[in-house]
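Structure first, commentary second.
The values are calculated or read from the model by the stated rules, or taken from the named source; none is laboratory data. Not measured: the values here are computed from a predicted model. Note: ideal-geometry Cβ built from the backbone for every residue, glycine included; neighbour counts use all protein chains shown.
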Amino acid sequence: MSGEEPIDPGSDPRASVSQRVFVVGAGIMGSGIAAQCALAGYPVTLEDVSEEFARRGLANATRALEHAAERATIGPGEKEAALARIDIAIGLRRADSAEIVIEAAPENLALKRAVFRELEGAARPTALLASNTSSLPITEIGQELADPGRLIGVHFFNPVLQMPLVELIPGHTTRPEVVERARAFSESLGKTVVSSRDTPGFVTTRALAVELNEAAWMLYEGVATKEDIDTAYRLGFHHPMGPFQLADLVGIDTALAILEVLWEGFRDPRYRACPIWRTMVAAKKLGRKSGEGFYVYPPREPSA
Ligand SMILES: NC(=O)c1ccc[n+]([C@@H]2O[C@H](COP(=O)([O-])OP(=O)(O)OC[C@H]3O[C@@H](n4cnc5c(N)ncnc54)[C@H](O)[C@@H]3O)[C@@H](O)[C@H]2O)c1
């Protein structure tokens, strides 16, 4: 092969940090994914539907990197170098500059389908299309795409900088080279990769949903207080946080959406959502991100 021959990045399973990553949705996960990719050396565009949301996402990415610097899990200067690699965008047009596109919009099938339909036109034909969905089947997200073979689930965990796992979910028609690219990319971020078949909730979310929902039912039935249930899980099972603390971190709306996907997918009473979730979403008690969920969180200092 002559050195002049053009390289098709879409066919190269190696992850190259010169490739731009475009993150759709600058919420809890999008901001963490952007910080993680930038830390690994990728140029990143963090996108949302409004400038306010995109800026809030960048502030959250900044906070995550500051936290990592304070805990010395990253070296001197790494925070500044990572932040210099992140820019923000409104709308999906700028996806045309990326080779890796990661969608982290809310857990809603119609919304994700619409995002990927638009991305299929906006992104380069060679770009990897990944969804960070925590429960929706990838095949269903991609069912309206002209080429669903380019789509894969790349499921990060919260908080992204601290959690070492990525769950890969190939859809029914995802091409093997797309799986290999997604694996190489995830490993280039320092993550350990597990794979799951494309069923609702995959491995991790299916396990988590039952745990959170069971805790909610116990609270609903008056078995114990939320504080005692959280303490029981932490000290009895060595969990780093209790189920209500975790639900507040995940987002109450996301927890409810996940239970609904599992219920829709399996129609199994194991996934019957405790009414607490719906009431809290209606009351806009969405967890840390709204300032109150099961617990109340003081407003955070704006990042410098
Ligand atoms: N929260 C968690 O712990 C967690 C963990 C793993 C995976 N996930 C998954 O990650 C995804 C995002 O979850 P999150 O917790 O970050 O949600 P979030 O509510 O914190 O953020 C979602 C962001 O997407 C934006 N958005 C809405 N519509 C959009 C559109 N059309 N285009 C671009 N952006 C849009 C919103 O403005 C918001 O900023 C979901 O699929 C969720 O299931 C969440």
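The figures follow:
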item	result
Qualifying residue in segment 256-266 (condition: outside the structural domain of Leu83 (by TED's automatic domain parsing), modelled with pLDDT of 95 or more, surrounded by fewer than 17 Cβ atoms within 10 Å (Cβ to Cβ) and of a type in the set (Val, Ile, Thr))	no
Failed item in (1) in contact with a helix residue (DSSP H, G or I) (Cβ under 6 Å, 6 or more places away or on another chain); (2) closer than 22 Å to Arg20 by Cβ; (3) part of a helix (DSSP H, G or I), with Ala69 passing the rest	(2)
In segment 109-149, the residues that are aliphatic (A, V, I, L, M), closer than 17 Å to Val49 by Cβ and in contact with an Asp or Glu (Cβ under 7 Å, 6 or more places away or on another chain)	Val115, Ala122
The listed residue being at pLDDT 95 or above, within 15 Å of the ligand (Cβ to nearest atom) and more than 14 Å from Val23 (Cα to Cα), out of Ala59, Ala81	Ala59
Residue within segment 288-298 that is at pLDDT below 95, over 30 Å from Leu168 (Cβ atoms) and either surrounded by fewer than 14 Cβ atoms within 10 Å (Cβ to Cβ) or not aromatic (Phe, Trp, Tyr) (or both) present	yes
Residue in segment 86-100 that is over 18 Å from Phe22 (Cβ atoms) and either part of a loop (DSSP other than H, G, I, E, B) or in contact (Cβ under 8 Å) with a residue 40 or more places away in the chain (or both) present	no
Enumeration of residues in segment 101-128 that are outside any loop (DSSP other than H, G, I, E, B), of a type outside the set (D, E, K, R) and within 11 Å of the ligand (Cβ to nearest atom)	Ile102, Leu109, Ala110, Leu111, Ala114, Val115, Phe116, Leu119
